[in-house]
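A short write-up of the structure that comes next.
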Amino acid sequence: MRSVVCGALLAALVFGEKPDLTKKAPENHQKLLQAQQAELAGGSFTFGTLDNEIEGWKEAAEKGKEENQRIQDMQDSIGDETFEMINEQLAGMNRQGMEKQRVENRDGSTEAVIARAEPFAIDKTTVSIDQFRKFAKDTGYKTEAETFQWSFVHDMCLSKKMVELVDHEEGLGRVKESPHWCGVYGAYWRRPEGPDSSIKGKGHYPAVHTSWNDAVAYCNWAGMRLPTEKEWEYAARGGLEDELYPWGEEPDDHNFSTYLNSWEGKFPTENLAHDGNICAGPGNSYEPNAYGLYNMVGNVWEWVGGGTAEKRVLRGGSYVDTIDGSANHLLRVSTRMENSADSGGHNTGFRCARTIRKKTKKNKKQKKTQRRSDL
């Protein structure tokens, strides 16, 4: 949540005219966007994580919960200040501190069930900078990152000058628990890495620093909507059952660098970038899955419909996540997390969807009758 860095900025004012949120893209442009989607028949599929099937996982999770409770009880007993002081002393002696373990499924999802998706269409790539620019120009829309006048960027994506500004006494600083995430003044979709960055030549990259609210506004303008969570996962799986990745099985050589954009190396200070990217890459990178969809796992998190007003859902993971789960989320077609609707950052984007009406016998009969009446 943005208030983690600087709650006062949540009251920032928007200058200029208010955007027209009722405005729709011209019909010919809506048809153009629809032509860039994949139309999917829907059906039954596996929805959720297969982590629970890993031998010993449930036992390890229970043990982790017990240890986390023990640490929490100690922190409550001695107080936050003393607890942090002890951890600092342990770190000074090169000893492991008292840190809670991550005990939920490593991909953030729930136990797998059989679900069903109705026919729908979905963008083949995340909404690009070029596409979002048309929307902003047509409606005058300002993203929440523009409204707040700052957003999150990973420090490895920033110039040396921007890092110095972040760390300056008048800068926004870093997230305490995750200091690689920096609060950057002036970072938004048109200036992804802050005021000294540019989108020149990157029109096909994902439009990042977009919140759930921004995504809903764009999809509404485009005559569409966000995909439901089930639609998103159905699309990500590409028609494959019980597979972990959009393309199917793990590569024989265990080299994923030609398949997706993920973190490779020691997080958060080293990214080997064998996949060609340090941060977010083009929306049409790598080979698509069997449905013709690109980057359904890795690159940038994607907002989906549903959730609650306090917790909206993102799917697919991003460039800071890992194939082996050694840092952040484990990258799978089931990868999932939640965040507030106003949140966004350098690794968040989205794609749009639309419902496809089924051709029923009744509809066919009505069309046949209409043809006869025209004779």
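List of remarks:
- Top-ranked residue of segment 239-258 - restricted to ones that are at positive phi and assigned to a loop (DSSP other than H, G, I, E, B), ranked as surrounded by the most Cβ atoms within 10 Å (Cβ to Cβ): 239
- The lone exception for residue 292 - which of (1) touching a Lys or Arg at 6+ places or on another chain (Cβ under 6 Å); (2) crowded, with 22+ Cβ neighbours inside 10 Å it fails: (2)
- Neighbours by Cβ (under 7 Å, 6+ apart or cross-chain): first from segment 349-364, farther than 25 Å from residue 209 by Cβ; second at pLDDT 95 or above and part of a loop (DSSP other than H, G, I, E, B): 356/119; 358/119
- Verdict on residue 262 being of a type in the set (Ser, Thr, Tyr), free of Cβ contacts under 8 Å to residues at least 40 places away in the same chain, open to solvent by less than 40 Å² (accessible area, probe 1.4 Å) and under 25 Å from residue 324 (Cβ atoms): no
- Pairs linking a residue in segment 318-345 that is touching a residue at least 12 places away in the same chain (Cβ under 8 Å) to a residue that is surrounded by fewer than 22 Cβ atoms within 10 Å (Cβ to Cβ) and among the small types (Gly, Ala, Ser), with Cβ atoms under 7 Å and 6 or more positions apart or on different chains, are 334/48; 338/307; 341/309.
- Residue among 216, 166 that alone is among the β-branched types (Val, Ile, Thr) and open to solvent by less than 20 Å² (accessible area, probe 1.4 Å): 166
- Condition check for residue 286: of a type in the set (Ser, Thr, Tyr) and surrounded by fewer than 24 Cβ atoms within 10 Å (Cβ to Cβ): yes
- Just one residue in the set 82, 46 is in a helix (DSSP H, G or I), open to solvent by less than 100 Å² (accessible area, probe 1.4 Å) and either closer than 30 Å to residue 170 by Cα or modelled with pLDDT of 60 or more (or both); that residue is 82.
- Count of segment 311-342 residues which are closer than 17 Å to residue 127 by Cβ and of a type in the set (S, T, N, Q): 1
- Residues that are in contact with a Cys (Cβ under 8 Å, 6 or more places away or on another chain) and open to solvent by 10 Å² or more (accessible area, probe 1.4 Å), drawn from segment 305-321: none
The values are calculated or read from the model by the stated rules, or taken from the named source; none is laboratory data. Everything numeric in this text was worked out from a predicted model, so none of it was measured. Backbone-built Cβ (ideal geometry, glycine too); neighbour counts: all protein chains shown. Remember, those area values only see protein heavy atoms, side chains included, never the ligands or the DNA or RNA. Shrake-Rupley method; radii C 1.70, N 1.55, O 1.52, S 1.80 Å.
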